[in-house]
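The values are calculated or read from the model by the stated rules, or taken from the named source; none is laboratory data. Please read all numbers here as calculations on a predicted model, not as lab measurements. Backbone-built Cβ (ideal geometry, glycine too); neighbour counts: all protein chains shown. Surface accessibility is based on the protein's heavy atoms, side chains included, excluding ligands, DNA and RNA. Shrake-Rupley method; radii C 1.70, N 1.55, O 1.52, S 1.80 Å.
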Amino acid sequence: MSDATSVQAFDVSRLRIGQGMDVHAFAEGRRLIIGGVDIPYERGLLGHSDADVLAHAVCDALLGGIRGGDVGKLFPDTDPAYEGADSLVLLARVAQVVRDAGYRILDVDSVIAAQEPKLSPHRDAMRENLAHAMGIAVDNVGVKATTTEHLGFEGRKEGISATAVCLLYREADV
Ligand code: MG
């Protein structure tokens, strides 16, 4: 920001936040894919796409930040084109929608709630996958995992939830 000739002034009124949330139920005979990582486990998550609960939460955070609806509106589960879809590809498309609307993705943070399996060993791989899909630095993507102390549907191992927030900057009025 020191070089006034090359960098436009930072305008806090152009910051936007977005929040996203997603839930998928466990099912037999499905792969467990979270943050683009194929995690060895006895069950996977049920969904029309690959059911990547974390990628979907990040998609919804980004779309929330541009007041652009949600991932279900952009990629309807009634559309056969998205059956078994790689959600990192969907996230890359959402990130492009965000850029096309004139926004820069500054930062993303997220939490996965799952009683099982243990997700912390996969956290850095998830951060790299999400960052790559959005075209931002790994340093700007946070992923955390928590159990729910055996409470609720996550705690009963019926499914997994994820929430995400993002910070966007409106660079251009498109
Ligand atoms: Mg979903």
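Some notes on this structure:
- Filtered by the rule that a residue be among the hydroxyl-bearing types (Ser, Thr, Tyr) and either within 13 Å of the ligand (Cβ to nearest atom) or crowded, with 21+ Cβ neighbours inside 10 Å (or both), the range 22-75 gives a lone residue, SER49.
- Test result for GLU116, within 21 Å of HIS24 (Cα to Cα) and not polar (S, T, N, Q): yes
- Enumeration of residues in the range 114-135 that are open to solvent by 30 Å² or more (accessible area, probe 1.4 Å) and under 19 Å from ARG99 (Cα atoms): ASN129, HIS132, GLY135
- From the options ILE160, ILE112, ILE136, residue that is in contact with a His (Cβ under 8 Å, 6 or more places away or on another chain), aliphatic (A, V, I, L, M) and at pLDDT 95 or above: ILE160
- Test: residue in the range 90-97 that is in contact (Cβ under 8 Å) with a residue 24 or more places away in the chain and under 14 Å from ILE34 (Cα atoms): yes
- Annotation note: Cβ proximity below 9 Å between a residue of the range 46-75 that is touching a residue at least 12 places away in the same chain (Cβ under 8 Å) and a residue that is of a type in the set (Lys, Arg) and part of a helix (DSSP H, G or I) (sequence gap 6+ or interchain) occurs for CYS59/ARG93; LEU63/LYS73; LEU74/ARG93; PHE75/ARG93.
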